[in-house]
Amino acid sequence: MKLNIAVLPGDGIGPEIIGQALRVTEAVCEKFGHELSYEYGIVGACAIDEVGSPYPDATHELCMESDAVLFGAIGDPKYDNNPSAKVRPEQGLLKMRKDLGLYANLRPINTFPSLIHKSPLRAELVDGADFMCIRELTGGLYFGRPQGRSEDGNTAYDTCVYTREEVERILHLSYKYARQRRKKVTVVDKANVLCTSRLWREVAQEIEKQYPDVETEYMFVDNAAMQIIQWPKRFDVLVTENLFGDILTDESSVITGSLGMLPSASIGIHTSVFEPIHGSYPQAAGKNIANPVATILSAAMMFEYAFDLQKEGKIIRDAVNASLEEGIVTEDIASNGKSYTTSEVGDWIVDFVKR
């Protein structure tokens, strides 16, 4: 099989972690006899510095021509600390989502036995937790218009907008993945207050009838935020709108004990993007200390979701689990004072894949 991917390292630790994920991808393709073709593109702060745009047209064309996109991270302190900056790296991420039609973010939340002690929650709460958050990505407050400030600057406003089509699309995808898991969907909204949430619930109540084999429950977002902490093992597939999903997925991420362990996939109309959930971590850039595992697991999701190559994804997961059990980890999750560099963790995982 031929795999044609766009590689967007981005900012901060992006180039280092993408480098390791790409090495693992190459090793898997070599092992299974796939032909890998890839090309680099710029995005984020480095793209602003180079061409003045956080998501240049050339990068968009590269993504459109690719079967999948492997993406690192964006963000730079010089923009974070300048609230008056007219062009920001994060605008590139929003534009990429919109232009590629990346309407659904899939974020699997599961624990690793060797890292249970790293979770801030009690072991009996998180051991065995395994659910997927599906966040709608192209609607809601982040994209609704009008949006802005009054002339005197004393009033600010954002508009939350959803269409029936957007809600139907994300819900059907959620039921599809629930059928591949434990057949339970939790629809999270704020239908007691928000009109957009009432549309979500109305559409969901119609669609659930098409999936009688899947259990459906409805939960207000404040209750969901509480239950994710109190009882994370009760969830299977959790689907929600953009802003709620942004918050709940980050909350869910701490269950595993480290942001550096969690991958994600953004499913698109034109192509799909695979990326770690952590940020650009500029303080660690160039130090060879960043945890590459989330990005390596994002590559596993790329094999599974973009190319339907389940065995290839599994061997990466097996390699990651083995590295954790052997203690081949970076400093963020190391115990007993022994840690390995970004590249050393990548070396070990690559060697495991090649066995």
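The values are calculated or read from the model by the stated rules, or taken from the named source; none is laboratory data. Just so you know, these numbers come straight off a predicted model, no measurement behind them. Heads up, the Cβs are rebuilt from the backbone with ideal geometry, glycines too, and the neighbour counts pull from every protein chain shown. When the accessible area is computed, the model is the full protein with side chains, heavy atoms only, and any ligands, DNA or RNA have been set aside. Shrake-Rupley method; radii C 1.70, N 1.55, O 1.52, S 1.80 Å.
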Working carefully through the options Val167, Val161, Val185, find the one that is open to solvent by 30 Å² or more (accessible area, probe 1.4 Å) and either closer than 17 Å to Gly268 by Cα or not small (Gly, Ala, Ser) (or both). Val161
Does any residue of region 189-205 turn out to be part of a helix (DSSP H, G or I), open to solvent by less than 60 Å² (accessible area, probe 1.4 Å), touching a strand residue (DSSP E or B) at 6+ places or on another chain (Cβ under 7 Å) and among the aromatic types (Phe, Trp, Tyr)? yes
Out of the residues in region 138-157 meeting the condition of being modelled with pLDDT of 95 or more and in contact with a Lys or Arg (Cβ under 9 Å, 6 or more places away or on another chain), tell me which one is farthest from Glu202 (Cα to Cα). Thr155
Answer from Glu326, Glu275 - the residue that is closer than 23 Å to Asp11 by Cβ and open to solvent by 10 Å² or more (accessible area, probe 1.4 Å): Glu275
Which residues, taken from region 245-259, are in contact (Cβ under 8 Å) with a residue 40 or more places away in the chain, assigned to a helix (DSSP H, G or I), surrounded by fewer than 24 Cβ atoms within 10 Å (Cβ to Cβ) and not β-branched (Val, Ile, Thr)? Asp246, Leu248, Ser253
Tally up the residues in region 219-244 that are open to solvent by 10 Å² or more (accessible area, probe 1.4 Å), in a helix (DSSP H, G or I) and of a type outside the set (Asp, Glu), please. 11
Identify all residues within region 284-319 that are open to solvent by less than 40 Å² (accessible area, probe 1.4 Å), among the polar types (S, T, N, Q) and in a loop (DSSP other than H, G, I, E, B); write none if there are none. Asn291
Cβ contacts < 9 Å: first residue at positive phi, restricted to region 132-157; second residue part of a strand (DSSP E or B), any location; separation 6+ or different chain. Result? Gly148/Ala156; Gly148/Tyr157
Enumerate the helices (runs of 4 or more DSSP H) found wholly within region 32-128, keeping only those where 2 or more residues are under 18 Å from the mean Cα position of the chain (by Cα). 89-100
Please specify each residue of region 264-314 satisfying the condition of being free of Cβ contacts under 8 Å to residues at least 40 places away in the same chain, more than 14 Å from the chain's Cα centre (by Cα) and over 23 Å from Asn81 (Cβ atoms). Glu304, Asp308, Gln310, Gly313, Lys314
Does Cys29 meet the test of being touching a Leu at 6+ places or on another chain (Cβ under 6 Å), of a type outside the set (A, V, I, L, M) and in a helix (DSSP H, G or I)? yes
Kindly indicate whether any position in region 67-75 is of a type in the set (Val, Ile, Thr) and surrounded by fewer than 24 Cβ atoms within 10 Å (Cβ to Cβ). no
